Every structure is written in C-alpha cells, then in structure tokens.
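K.L.:
Provided herewith is a single structure, encoded as structure tokens, for subsequent inquiry.
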Amino acid sequence: MKFKPVPPAPAEFAVVDRAQGAVPLVPDTEADCCARLVARLDLPSRDAARTWLTFLRALGLAEETDSGYRRTDREPTVEGCREALLDRVFAADSLRDALRSADDPLTVDEAFETVRDRVPVWERHRNPSWADAWRERVSRLLGWFVLLGVADRVADTPAYVAR
C-alpha cells in the first residue's frame, strides 16, 4: 500500500520521534490521536495532525488496528524512515529516480513535471486545482528528502540534487 499524505518536513529529525511518541501504545481513536499530535507538535489543525498520523503509518511508526491507532515498537531512525518513505509513499521512488538522472538540479516545478504523469486520473477529475496540490506534495517530499539524506538543496537556489 502506498500512502499519499505528506506533512511539511520538520527542521530536525527529533520531531519525528516526538510525533511517534504522541501516538498511544494502546489503540485509540483517530480524533484522540490527532488531538495528541496537535498538542505535542503544536500543529495548526486536526487536518494537519491527520496528515502526520497517516505519514507515521507510511513510515511504519504507527498502525491502524480494529480498535484505532497505535504506535509501533519500531524506533524512528533516519535510515529506517528513508527506506519506508521511498518504499511506501506514493511517487517518492520516482522523484528520487528523477533527481538521480537529472543533469542539473531540479526546482520544485521541474520535479513535479517528472512525476506529473503518475498522478491518478481520478484525482485530476476530483480536484480542479490538482496540479497545485501535487506541486505542494512534491515540495514536501523534497523537504523530507533533504531531512532523510536522499537529496540536498542547492545553496541560494530553490533547486535540489540527489545525494
């Protein structure tokens, strides 16, 4: 299963550990888990917390059970999160491959163009501003790529290169 929601990348990896710690060990409802994420990460809304909760699932740091959501016993590491991101987040592997094969650094717009064809048709029909939403998703993925050591942002430019 591939996950699509991607929160903005934090400035430091320790936030991932705090996010996982906000998810209870004993399964709880989505609403309660989101309330805990809002409080612990100082998020602006439950929607932002829901994105984090889904993303933690993608990273293998939380799981959905019949009783609700709970954190896994997997310790958050840069290496483990990098591997999960590339394997379980929709279009992350394609974006990485595009960075690797690019002759020059890619801007967010150029990176978006490399994965544009992977956006499901139903999403294009559902949302008239789908391209803007996906550009934002690509921008967020690039931020996670930098945090997790997949890419570097080129100094003084809005462009990225594979690490």
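Since every read-out is calculated from the coordinates, none of them should be taken as a lab result. The model shown is predicted, which means the values in this text are computed figures rather than measured ones. With ideal geometry, Cβ positions are generated from the backbone for all residues, glycine too; neighbour counts draw on all protein chains shown.
K.L.:
Considering only the chain, what is the antiparallel percent among its DSSP beta bridges, to the nearest 5? The partial results should precede the final answer.
P.N.:
Values: 10 of 11 bridges.
Antiparallel bridges make up about 90 percent of those DSSP assigns within the chain.
K.L.:
Sticking with this one: So what is the orientation-averaged projected area of the range 91-162, using the convex hull of its C-alpha atoms, in nm²?
P.N.:
Details: hull surface 18.3 nm².
So the mean shadow area of the Cα hull is 4.6 nm².
K.L.:
Roughly how compact is the range 14-71, stated as its Cα Rg over 2.2 N^0.38 Å to two decimals? Don't skip to the answer; put the middle values down first.
P.N.:
Numbers: Rg = 9.8 Å, N = 58, 2.2 N^0.38 = 10.3 Å.
For the range 14-71, the normalised Cα radius of gyration is 0.95.
K.L.:
Starting from one equal scatterer on each C-alpha and no solvent at all, send me the Debye-based log10 I(q)/I(0) for the range 70-119 at q = 0.16, 0.19, 0.26, 0.28 Å⁻¹, two decimals.
P.N.:
For the range 70-119, the Cα-only Debye profile gives -0.56, -0.70, -0.99, -1.07.
K.L.:
With a sphere of radius 9 Å drawn around the Cβ of Leu59, what net charge do the other residues whose Cβ falls strictly inside it have (Lys, Arg +1; Asp, Glu -1)?
P.N.:
Values: positive: Arg57, Arg74, Arg88; negative: none.
Spelling it out: positives minus negatives among the neighbours equals +3.
K.L.:
Let me ask something additional. With percent of Cα pairs over 29 Å apart defined as stated, name the option among [x] 20; [y] 52; [z] 24 computed from the structure displayed.
P.N.:
Entry [x].
K.L.:
Also, quick follow-up: Considering Cα pairs under 8 angstrom that are at least six residues apart, work out the relative contact order of the chain and quote it in whole percent. Could the numbers behind the result be given before it?
P.N.:
Working: 227 pairs, mean separation 39.5, N = 163.
Reported relative contact order: 24 percent.
K.L.:
Does anyone have the angle between helix 30-41 and the longest principal axis of the chain? Alpha-carbon axes, 0 to 90°, nearest 10?
P.N.:
Once rounded, the angle reads 70 degrees.
K.L.:
Can I ask one more? Which residues' amide hydrogens lie under 5 Å from the amide hydrogen of Ala62, considering only partners 5 or more residues apart or on another chain, with H built in the peptide plane?
P.N.:
HN-HN under 5 Å from Ala62: Arg57, Thr72.
K.L.:
As a check on your grasp of the helix formula, calculate [θ] at 222 nm for the chain: sum -39500 (n - 2.57) over DSSP H runs of n ≥ 4, divide by the residue count, round to the nearest 500. Intermediate results must be reported in sequence, preceding the final value.
P.N.:
On the way: 8 runs with 87 residues, N = 163.
Helix contribution divided over all residues of the chain: -16000 deg cm²/dmol.
K.L.:
While we're on this one: Rounded to the nearest 10 degrees, what's the angle between the helix 78-88 long axis and the longest principal axis of the chain, both from Cα atoms, 0 to 90?
P.N.:
The answer is roughly 80 degrees.
K.L.:
Cα axis of helix 130-147 to longest principal axis of the chain: angle in degrees, 0 to 90, nearest 10?
P.N.:
80
K.L.:
Oh, and also: All other residues with a Cβ under 15 Å from the Cβ of Arg71 taken together, and with Lys, Arg as +1 and Asp, Glu as -1, what is their net charge?
P.N.:
Numbers: positive: Arg18, Arg36, Arg40, Arg57, Arg70, Arg74; negative: Asp17, Asp28, Glu30, Asp32, Glu63, Glu64, Asp73, Glu75.
Net of charged neighbours comes to -2.
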